[in-house]
Amino acid sequence: MRAPRLASLLANWAARASVVLGGVALLDFVAPRPAAEPAAANAAPAGKPADDTAKLGRGQPDTPPTARARAAGHETRDLSGGTLALLVAGLGGTAAGVIALMIGVMSYLDHSQRASEPQFTAQQTTAIVPPPPNLQAAPLSDIADLHQREESLLANYAWINPGHTRARVPVARAMAVMVGRRLDDPP
């Protein structure tokens, strides 16, 4: 009972960690910030961020939002590609870490379960060989020969009786001859 409880505890904490890490990254993006000033007002020298919002990967979009968009409550700032890439990489890394942790836990549990089971005896591990006589030495080739004989009977002409009064006709020819005839009429 101890191993399943450990696995559920680890899975619970791994899920909490992934939610917290992903939530922190998303919370940083959606946290309310003071409205940014127009781009010309907070211009900075090239290579240096203009203010704290630029450090976070946020800034004014190339096209300023309309008054109607502001009134509707739409976002007026863009998320930079670098910040989005970090967010996706963080969530992907967290998911990969949780998967790796679960694989480790499952292999540990499998190993501990196998160690607790009794070992097989020599009688349990020996290969079972049926006693002689073997009725078919090569069953696959026997089946192939049978199919070849049956195909020969169905596809060739032959006499059925020694007096040569009745003949066997190939199935395809018999079907062609019988097309349009009633089956209950005498031949």
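Each value in this text was obtained by applying a stated rule to the coordinates, not by laboratory testing. Small disclaimer: the values here were computed from a predicted structure and weren't measured. So basically every Cβ, Gly included, is an ideal-geometry build from the backbone, and we count neighbours across all protein chains shown.
Can you check what the net charge comes to around Gln136, using other residues whose Cβ is under 15 Å from the Cβ of Gln136 (Lys, Arg +1; Asp, Glu -1)? Please report the intermediate quantities before stating the final value.
Details: positive: none; negative: Asp142, Asp145.
Taking every Cβ under 15 Å from that of Gln136, the sum is -2.
Give, as a single signed number, the net charge of other residues whose beta carbon lies under 12 Å from the beta carbon of Leu154, with Lys and Arg counted +1 and Asp and Glu -1.
Details: positive: Arg149, Arg168, Arg173; negative: Glu150, Glu151.
Computed value for this residue: +1.
Give the whole-number value, in cubic angstrom per residue, of the convex hull volume spanned by the C-alpha atoms of region 114-187.
For region 114-187, the hull spanned by Cα atoms encloses 258 Å³ per residue.
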